[in-house]
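Novice: Encoded as structure tokens, here's the structure I'll be asking about.
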Amino acid sequence: MTTSDASGIINEEFAALEINPGRVLRAIARIGYTPASAICDIIDNAVAADAGLISIELQREPDVAESRRNSAARYIIADNGRGMSSGQLIDALGLGVVREYEAGSLGKFGLGLKSAGLSQGDRLEVITKTWGSEWIKAALDLEHVEAKRSFECQWLQVDENDLELISRHLSDTEHGTVIIVEKMHKQNHPSIKKTRSDLSIRIGVAYYYYLIERDLCIQLDGEGMSSFDPLFVSEAEISGNMDETKWDGRDVRWLERPTSIVLDAENGVEAQFEATQLVHPPAFENPAEMRKKYMIGGEHYGFFVYRNKRLIRWGERFGGIIPTDQDYFAFRGRILISDTADDAFNIDVKKSEILLSEEAESVLSESVYEARRMSRAAWRNAAKLLRAKIHTDPVSKAAEALSEVDFPDLLPSDPDDAQAETERKVREKKEATRHPLQEEEREQARRDGRRVTLVDHLDDNALWQRAHDATLGTVVRINRSHRFMRMFEEKFGNDADVTLLLHALFLSLAVGESRSVRNIQDVTDEILEEVFTRYREMTSAAIYKATADALEERLV
């Protein structure tokens with residue numbers, strides 16, 4: 001409000017503004033976390049507290065299968081770091097509490113614990129202990145804050161269940177912290193299986209430097225996580241620098257050895273940049289294994305950006321500095337920045353979204369130009385050398401395309417309680433016995449990642465038959481002697497796209513059979529197997545007849 005006195009002097013006054021803490025908490029909980037990224041943000045606090053052990057537990061709802069959405073009951077993140085006093089705990093549960101972050105800190109805004117935790121569930125419990133003190137416990141409950149319209153936490157007694165939880169994760173520790181996220185959000189919350197898979201990949205990359213430079217152990221459901229260098233620098237050190245005119249795709253090479261670049265000359269902000277060229281999977285006898293080992297694929301190429309040695313961006317291409325093009329699949333860049341570069345990179349609350357300043361974008365684009373050029377030229381040269389050595393047949397191309405297709409385990413109508421999950425596992429074991437791959441088939445399938453195999457004969461002249469492999473899962477055999485396949489080979493055998501469509505169809509049919517046998521549990525698996533065997537026989541005979549009476553007349 002603006003007023004003036006008798007002399008005409010203007011006085012500026014301030015009016016208090018209302019704030020609804022519940023709505024604010026809801027808002028910061030919706031800034032785009034996945035379960036894996038939220039848990040990693042909580043891990044950051046443990047790393048900052050000098051923890052030597054961080055233990056993560058993903059607890060499942062009692063009667064819901066792990067592969068189901070909304071199967072998470074609680075997330076527990078425990079560490080043996082310094083712990084917190086009561087005052088520090090209150091600050092940790094507050095919003096944007098003023099504090100001085102140490103140089104190299106993983107924090108930034110003072111929102112991480114609340115935004116990350118409440119993005120997954122409506123209640124945060126924190127149990128903590130400093131050296132020489134007792135365990136204390138407090139809870140921040142979003143529903144309570146909304147009901148009371150008061151931003152407050154609740155002090156709780158540490159009970160026997162809490163002490164058992166501490167002992168299970170942090171045996172005999174004199175200090176540490178346990179974070180419990182519960183009252184999980186149940187609107188399409190990712191399954192525990194998906195979250196565990198994401199974390200098992202992400203943790204080793206995100207905390208690579210911490211895992212190799214200090215005595216840190218991170219456990220996920222009791223399993224230790226290993227460091228993972230997405231650039232495979234140790235291999236590049238052995239193979240040396242890239243010569244794009246001679247590279248055959250079978251080793252990792254340096255595109256740019258570690259070098260400093262100035263992102264903001266006025267403020268003296270620097271970053272370290274390095275880049276390697278990973279392998280060209282088709283150059284190997286086992287391309288599927290190579291793709292998996294080196295994480296070659298559309299989600300993984302580009303820059304891995306580390307802030308204070310913690311990953312904040314995975315496969316970042318900065319709006320086209322690295323083009324969206326398969327020829328760059330083997331390009332891996334790493335940018336190491338400190339918190340002094342936050343403004344140049346416009347780091348957000350999650351410390352995961354990046355928008356380069358104009359100066360930083362210009363500097364980075366210029367710095368990466370030669371590495372980018374060599375990467376594309378090397379990939380193309382490796383492909384050229386491979387084509388000169390062997391003819392890449394349509395079957396191999398189809399196998400490569402289908403090797404990483406991820407079929408759903410369950411449909412919304414399938415049972416997902418614990419009893420159903422147990423029965424599924426029993427039926428899966430039976431399937432491996434009923435439909436094994438022959439040894440020679442298994443070796444080739446695993447080597448090439450082939451989930452579709454061509455055989456010379458199937459019983460009753462069936463056109464296809466499903467099989468099961470412990471590594472690849474469901475595999476389909478296609479009978480090349482069947483009249484339909486003979487006609488197909490003659491007419492379309494050299495067409496890679498049509499071959500891919502056909503193989504995708506038969507693989508999907510086989511997967512559909514497999515999932516049906518496991519998940520339709522109001523009928524015995526023996527009856528289902530008999531029905532599908534009969535169905536394949538009838539369908540194969542019908543396709544044989546259609547081929548003879550119509551297709552051959554039109555297509556041959």
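Novice: Name the single residue, out of those in region 253-294 being modelled with pLDDT of 90 or more and charged (D, E, K, R), that is nearest to D342 (Cα to Cα).
Specialist: That would be E270.
Novice: Right, another one. For R250, work out the one condition from (1) basic (K, R); (2) closer than 28 Å to S338 by Cβ; (3) modelled with pLDDT of 95 or more it doesn't fulfil.
Specialist: Among (1) basic (K, R); (2) closer than 28 Å to S338 by Cβ; (3) modelled with pLDDT of 95 or more, the lone unmet condition for R250 is (2).
Novice: Only residues in region 378-389 that are within 22 Å of R332 (Cα to Cα) count as the first member; pair them with residues that are buried (at least 17 other Cβ atoms within 10 Å of the Cβ) and polar (S, T, N, Q), Cβ under 6 angstrom, at least 6 apart or cross-chain, and list the lot.
Specialist: Between residues of region 378-389 that are within 22 Å of R332 (Cα to Cα) and residues that are buried (at least 17 other Cβ atoms within 10 Å of the Cβ) and polar (S, T, N, Q), the close pairs are A378/Q277.
Novice: Applying the selection to region 481-539, what residues are farther than 30 Å from E423 by Cα, in a helix (DSSP H, G or I) and small (G, A, S)?
Specialist: A496
Novice: K350 passes all but one of (1) within 26 Å of the chain's Cα centre (by Cα); (2) more than 21 Å from M242 (Cα to Cα); (3) modelled with pLDDT of 80 or more; which number fails?
Specialist: Exception for K350: condition (3).
Novice: Any idea how many residues of region 115-145 are buried (at least 22 other Cβ atoms within 10 Å of the Cβ) and in a helix (DSSP H, G or I)?
Specialist: Going through region 115-145 one residue at a time, the tally reaches 5.
Novice: Can you say whether E289 is surrounded by fewer than 22 Cβ atoms within 10 Å (Cβ to Cβ) and under 21 Å from E359 (Cβ atoms), as far as the supplied structure shows?
Specialist: So E289 fails the test.
Novice: Would you point out the residue of region 83-114, among those that are surrounded by 14 or more Cβ atoms within 10 Å (Cβ to Cβ) and on the phi > 0 side of the Ramachandran plot, that is modelled with the lowest pLDDT?
Specialist: Applying the filter and picking the extreme gives G110.
Novice: If you go through region 330-337 one residue at a time, do you hit one that is buried (at least 21 other Cβ atoms within 10 Å of the Cβ) and more than 22 Å from the chain's Cα centre (by Cα)?
Specialist: Yes - at least one qualifying residue is present in region 330-337.
Novice: Filter region 397-415 down to the residues that are small (G, A, S) and buried (at least 19 other Cβ atoms within 10 Å of the Cβ) and list them by number.
Specialist: Those that are small (G, A, S) and buried (at least 19 other Cβ atoms within 10 Å of the Cβ): A398, A399, S403.
Novice: So which of I28, I42 ends up being crowded, with 20+ Cβ neighbours inside 10 Å, touching a residue at least 24 places away in the same chain (Cβ under 8 Å), assigned by TED's automatic domain parsing to the domain that holds L118 and β-branched (V, I, T)?
Specialist: I42
Novice: If you don't mind, there's one more thing I want to ask. Quick one: in region 412-466, of everything that is in a strand (DSSP E or B) and β-branched (V, I, T), which residue is farthest from K293 (Cα to Cα)?
Specialist: V455
Novice: Collect the residues in region 398-424 that are in contact with a Pro (Cβ under 9 Å, 6 or more places away or on another chain) and within 19 Å of A283 (Cβ to Cβ), keeping them in residue-number order.
Specialist: Result: A399, E400, S403.
Novice: Within region 58-68, can one find any residue that is surrounded by fewer than 21 Cβ atoms within 10 Å (Cβ to Cβ) and touching a Cys at 6+ places or on another chain (Cβ under 6 Å)?
Specialist: No; the residues of region 58-68 include none that is surrounded by fewer than 21 Cβ atoms within 10 Å (Cβ to Cβ) and touching a Cys at 6+ places or on another chain (Cβ under 6 Å).
Novice: Tell me whether region 174-185 contains one or more residues that are in a loop (DSSP other than H, G, I, E, B) and closer than 21 Å to A72 by Cα.
Specialist: yes
Novice: Let me confirm something: among L509, L500, L463, which residue is within 27 Å of I543 (Cβ to Cβ) and within 27 Å of the chain's Cα centre (by Cα)?
Specialist: L500
Novice: Being surrounded by 14 or more Cβ atoms within 10 Å (Cβ to Cβ), within 31 Å of the chain's Cα centre (by Cα) and either among the β-branched types (V, I, T) or under 29 Å from R69 (Cβ atoms) (or both) is the requirement here; does T173 meet it?
Specialist: no
Novice: Another question, then. What pairs can you find where one residue is in region 468-490 and farther than 18 Å from S508 by Cβ, the other is surrounded by fewer than 17 Cβ atoms within 10 Å (Cβ to Cβ) and of a type in the set (A, V, I, L, M, F, W, C), and their Cβ atoms are less than 6 Å apart, with a gap of 6+ or different chains?
Specialist: R480/L454
The values are calculated or read from the model by the stated rules, or taken from the named source; none is laboratory data. These numbers come from a predicted model, not from an experiment. Virtual Cβ from ideal backbone geometry, glycine too; neighbours counted across all protein chains shown.
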